[in-house]
Amino acid sequence: MTDGLRNLDPSLRRAWHPLCRSSEVTEAPRAFTLLGERYVTYRSGDGDARVFLDRCPHRFAPLSLGTCEGDTLRCAYHGWVFDPDGVCVEIPALGENATLPARAKLKRPAAVTESHGMVFVAPDPPLTPVPSVEAAYDPAFQKGDLPVLESRANAGLLADNFLDMAHFPFVHVGTFGAGEAREVPNYTVIREGYTFTAAYEHDFANREDPGVAEGIRPLVQRRLLTYRYTAPFHLELAIEFLDSGGTNVIGFFLTPVDDETVRIYSSLWRDDLGGSEQRMRDAIDFEVAVVNEDLELQSQFEVLALPLDITAEIHTRADKTTVELRRILRDFVGDARSL
Ligand code: FES
Ligand SMILES: [Fe+2]
C-alpha cells in the first residue's frame with residue numbers, strides 16, 4: 001500500500017457501504033457493484049432486502065436476469081430456485097422430490113441492513129458502525145435525496161474533499177464559495193473509535209435571510225458547522241444558523257465501486273423549508289451543482305489513492321479533520337489486516 005488507500009483495498013470488505021437506495025430494491029432483481037463485486041438484490045415477500053453475489057452457483061449466470069417468485073429467486077438460465085436465505089429448493093431438470101446438491105447455495109455478504117433510505121452491505125463482518133444521522137429521527141426535518149452520482153474518483157480522497165474546509169472559495173466559486181472567508185477558524189476534533197466530530201462557529205454573510213432586507217437582522221451573522229465522520233466514507237455536515245434560526249444537514253455516503261469509480265449517495269435534511277417540495281427541489285439542484293464542482297477536480301487526480309502515511313503530504317492547522325480521517329483509516333486498515 002505504498003500509494004495509499006485505493007478503492008479495492010481488501011480491508012474495506014470489513015465495513016458498511018451503501019449498495020443502492022431502498023427504493024431501487026423491488027420484486028425485480030437488480031445488480032449493483034460494490035468493491036469490485038456484483039451483487040443481486042430483490043425484495044422478498046416479507047419486505048426484506050435480499051442481497052447475494054450476482055452469480056448462480058450452477059453455471060455462474062447472473063441472477064439479476066432471474067425473476068422473483070414470492071419469497072424466492074429463480075435463475076433465468078436453468079430455472080433453479082433459491083429461498084430467501086439463498087438455499088436451492090428446486091432444480092427443474094431433476095424433476096420432483098429430487099435430492100438437491102448441498103453446495104447449491106448462494107453466496108451472500110456477511111451483513112445487510114437498511115438505514116436512511118439506503119441498503120448498506122458489509123461483505124465481511126464489519127468493524128465500523130452503520131452511519132446514523134440524528135436529524136433523520138427528528139420530525140421537524142424534511143428529507144430530500146440527491147440523484148445518485150457516479151464518478152471516476154477515489155472514495156478516500158472524496159471523503160477528504162467533503163471534510164475539507166479550505167477549498168470553498170476556490171472550488172465553489174460558481175455556487176456558494178465566492179463570499180466565503182478564506183481563513184479556516186481554529187477548531188478541535190473529537191475522535192471516538194472509528195468516528196469523529198469537529199465543530200466551529202464563524203461569521204458569514206447571510207444573503208438568503210429575508211430578515212436582513214427587512215432590517216431585523218444584520219447581514220453578517222453567526223453559524224455553527226458540525227462535521228460528523230464515520231469510517232470509512234460516510235459524513236454529515238450540519239449547519240446551524242444561530243441568528244436567523246434553522247438547520248441544514250447534508251449527508252454523504254460513498255461507495256467504492258471499482259478501482260477508479262465511486263458512487264455518491266447524498267441526502268439533505270432541512271427544518272427551514274416549511275414542508276415545501278419546491279424549495280427542497282431547489283436545494284437539491286443547488287447541492288448537485290456544488291458536488292459537481294467537487295467532482296470536476298476529484299475526477300482528475302492522477303493517482304486514485306488516499307495517502308495514509310501522515311508524512312507523505314503537507315498538513316496545516318486548517319487540515320485537522322482530514323488528518324483525523326487519515327489516522328482513523330490507517331487504524332481501521334491495520335485492525336482489519338490483523339484479523
Ligand atoms: S446457471 Fe443458474 S440455473 Fe443454471
Ligand atoms: Fe466541496
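Can you tell me the orientation of helix 320-337 relative to the chain, as the angle in degrees between its alpha-carbon axis and the longest Cα principal axis, to the nearest 10?
20
Would you mind checking the tilt of helix 277-298 against the longest principal axis of the Cα atoms of the chain, expressed as 0 to 90 degrees and rounded to 10?
The answer is roughly 90 degrees.
From the helices alone, meaning DSSP H stretches of at least four residues, give me the mean residue ellipticity at 222 nm for the chain, per-run term -39500 (n - 2.57), in deg cm²/dmol to the nearest 500.
Helix contribution divided over all residues of the chain: -5000 deg cm²/dmol.
If the chain between E180 and Q300 were fully stretched, how many nm would it gain, using 0.36 nm times the residue separation less the Cα-Cα distance?
40.8 nm
Of the trypsin sites (Lys or Arg not before Pro) in region 257-286, which ones lie in a loop per DSSP and count no more than 13 other C-beta atoms within 10 Å?
Sites meeting the loop and neighbour criteria: none at all.
Run down the aspartates and glutamates and flag those whose C-alpha is under 13 Å from the C-alpha of K107, throwing out any fewer than 8 positions away in its chain.
Answer for K107, where 13 Å is the Cα cut-off: E37, D54, D83, D85, D124, listed by chain and number.
State the extension gain, in nm to one decimal, for the chain segment bounded by E208 and T188, taking 0.36 nm per residue of separation less the distance between their alpha-carbons.
4.3 nm
Over all directions, the average projected area of the alpha-carbon convex hull for the chain comes to how many nm²?
One quarter of the hull surface, i.e. the mean projection, equals 19.4 nm².
List the chymotrypsin sites (Phe, Trp or Tyr not before Pro) within region 28-95 that DSSP assigns to loop and that have no more than 16 neighbouring Cβ atoms inside 10 Å.
Answer in residue order: F60, Y77.
Rule-based calculations on the coordinates, nothing more; no lab input. On a predicted model such as this, the values are computed, not experimentally measured, just so you know. Note that we place each Cβ from the backbone using ideal geometry, even for glycine, and neighbour counts take in every protein chain shown.
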